[in-house]
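First up is the structure itself, then whatever we jot down about it.
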Amino acid sequence: MMGGLAIGQAAAYADVTVKTVRHYHRLGLVDEPRRDSSGYRRYGSDELLRLVQVRTLATAGVPLAEIGELLDADAGRFTAAIADVERRLNDRITDLIARRDTLHRLADGDRALLPDRACAVLDRMRDLGFDAEYVAGQREGLVLARALLPGGFDGFLTQLELRLDDAGYVELTKRSWEAEGWDQDDPRIEELAIATADLYLANPSLMGDPDIMRAWIDASTKYALINTHGEVQAPISTRLTALTEARLRAAGVPVPRE
């Protein structure tokens, strides 16, 4: 250590780069040593120790803006500050784990935006033979429903689960999707809407929890956003929904209005 170390040597011993050492100098974390008679700065053991301390704390996750005060603190303040840094690191770790889990779910498109229970509903639709485009549209509707009315989402899923257990509902829904290939004036469209409404009237449980329905009535604008989603791609289905709901309202069922 006679004569001290050049900046490159000090950086290597402290396991940092020369650029990092100079950055520490600019931040005031490490004092710049005096120049020797040749005009070079020479790092002694004190500067090297400080470099190692700063690098160790920075590597542990302590923000550079806090390191100077931390190194100059007494034992009690140092311990409290380290505990605070640890708490913040744990929070970051929790957040990073959540982000990693989201990335894993991205491998399965449904599970990136929906909980497992909703994904199970979509899987059930596929198992029941629903058209892939219909299932894709239902997935988008579920994503919207969860975002727009999170408090009623579980009830909405319960309603779908009950409907998928009903063979009549499954058959009518498949026919409704097939109707996309019909002419706009095909009389079967109104007949299908009547049959669907009559199914609901004969089986009120298929309409879901009345509290959820009231929640949608109170959020009619949100309901309309979901109800008309995909109208361009499936105009017949949108019309069928409107005709079915009109018949239900006529029968005294409180259905949200768009």
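Derivation of every value follows stated rules applied to the coordinates shown; laboratory data play no part. All of these numbers come straight from a predicted model, not from anything done at the bench. When we count neighbours, we look across all protein chains shown, and the Cβ atoms used for this are built from the backbone with ideal geometry, even at glycine.
Numerical summary
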{"item": "Sorted peptide list for 121-133, 157-169, 67-79, criterion being average Cβ within 10 angstrom, highest first", "result": "157-169, 121-133, 67-79"}
{"item": "Estimated FRET transfer efficiency (ASP101, ASP127; beta-carbon r; R0 22 Å; 0.05)", "result": "0.25"}
{"item": "Distance-filtered residues of region 126-152 - backbone nitrogen under 12 Å, label point 7 angstrom along ARG175 Cα→Cβ", "result": "none"}
{"item": "Theoretical FRET efficiency, 1/(1+(r/R0)^6), r = Cβ-Cβ of GLU140 and ARG87, R0 41 Å, to 0.05", "result": "0.55"}
{"item": "Gyration tensor verdict on region 2-63 (Cα atoms; rounded if a/c is under 1.5, prolate if a/b is larger than b/c, oblate otherwise)", "result": "prolate"}
{"item": "Table column - 3J(HN,Hα) (Hz), region 85-94, Karplus curve with 6.51, -1.76, 1.60, x for Gly and Pro", "result": "4, 4, 4, 5, 5, 4, 4, 5, 4, 4"}
{"item": "Whole-Hz ³J(HN,Hα) from phi, Karplus 6.51 cos²θ - 1.76 cosθ + 1.60, for region 48-53, glycine and proline x", "result": "5, 4, 4, 4, 5, 4"}
{"item": "Potential extension, THR94-ASP31 segment - 0.36 nm per residue separation minus Cα distance", "result": "19.0 nm"}
{"item": "Distant-in-sequence amide H partners of ARG41 (H built 1.01 Å from N, under 5 Å)", "result": "ASP36"}
